[in-house]
Amino acid sequence: MYKREIELSGHIIDSLTLPKTMDIIMDKGGDFDILEFDIGKRKSDTS
């Protein structure tokens, strides 16, 4: 089994980057754990 750790930054919720990434991982038969998740409180904050 292969393991990779990825990091996403920017507006990952608004741009749908997070769910698209999760979909790709699951479509390829993978699984994921979210190790850390910081959500911005303002539109100008990054997640």
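Every number here is computed from the coordinates shown, using simple stated rules; none is lab data. Predicted, not measured: the structure shown is a model, and the values here were computed from it. Glycine gets a Cβ as well: all are built from the backbone with ideal geometry, and neighbour counts include every protein chain shown.
The figures follow:
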item: Translational diffusion of the chain, µm² s⁻¹ [Kirkwood Rh, Cα pairs; Stokes-Einstein; 10 °C; 1.306 mPa s]; result: 134 µm²/s
item: Lys41/Thr21 FRET efficiency (R0 22 Å; Cβ-Cβ; nearest 0.05); result: 0.50
item: Nearest 10 degrees, 0 to 90: helix 17-27 Cα axis against the chain principal axis; result: 10 degrees
